[in-house]
Every structure is written in C-alpha cells, then in structure tokens.
Amino acid sequence: MVDQSFFVEPTTGRLYHVNGSPYLGIEAIWNNKNYWVNMQQGAEDPMNISYNLDMDEYWEYIFVDPLAVARQEQAPANDVDAPLEQEGGPAD
C-alpha cells in the first residue's frame, strides 16, 4: 500500500513529492484501475487541482470497468413507465 501521493516522472522514473514537483500542470493521471484525463480549466498549478476522480466534471475516465457494467446489468431495473400502485386499491 502507498502511504502518500507522489508524482512519477515517466522519462526518468524519479519520484517527486506532491508539494515539491517541478510540474506546471497535470494533463492525466493513472493507477491500477483506470486512466483519467484532467478536464479542469485553468488548473495550471498541480496544488490547485481537485484530485477527486469521482467528479466527472473534473476527470474523464478512459477505460470502462467491465465488472461495474456487469453489476449494473444484473441489478433489478426500475420501470419508470409502470403506473404507481396506490394503497387501498380503487375507491368504491
């Protein structure tokens, strides 16, 4: 397990602490699950970027998780077009 966040310079393999990196911006990030493209406008400083990968307006994922898709397909569907059942039945 990784205890802290850091940047890896892909051309040299050198590690940089997040607060001491020479980078002017972050175009994309990746881990063992996916690759995300930074969609944030005007976020030139890596310290001012949101790294919340669950926020689609900030990060666009590239690979679809096939297990997540399978779980969605197996979940019971809510039929939004079905009429709502009323308690007590029709009035007499």
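The values are calculated or read from the model by the stated rules, or taken from the named source; none is laboratory data. Here the structure is a predicted model, which is why all the values come from computation and not from measurement. A quick note on method: Cβ atoms are made from the backbone with ideal geometry, for glycine too, and the neighbour counts reach across all protein chains shown. Side chains are part of the model used for accessible areas, which takes the heavy atoms of the whole protein and leaves out ligands, DNA and RNA. Shrake-Rupley method; radii C 1.70, N 1.55, O 1.52, S 1.80 Å.
Scanning segment 46-71 for residues that are under 23 Å from residue 2 (Cβ atoms), out of contact with any strand residue (DSSP E or B) (no Cβ under 8 Å at 6 or more places or on another chain), open to solvent by 70 Å² or more (accessible area, probe 1.4 Å) and in a loop (DSSP other than H, G, I, E, B) yields 54, 65.
Given the structure, is residue 37 modelled with pLDDT under 85 and among the hydrophobic types (A, V, I, L, M, F, W, C)?
Criteria not met by residue 37.
Which residues, counting only those in segment 5-40, are polar (S, T, N, Q) and surrounded by 13 or more Cβ atoms within 10 Å (Cβ to Cβ)? Hits for segment 5-40 are 21, 34, 38, 40. Of all residues in segment 22-44, exactly one satisfies the criterion of being hydroxyl-bearing (Ser, Thr, Tyr) and in contact with a helix residue (DSSP H, G or I) (Cβ under 7 Å, 6 or more places away or on another chain), namely 23. Restricting attention to segment 1-23, the residues that are aliphatic (A, V, I, L, M), at pLDDT below 85 and either closer than 27 Å to residue 68 by Cβ or part of a loop (DSSP other than H, G, I, E, B) (or both) add up to 2.
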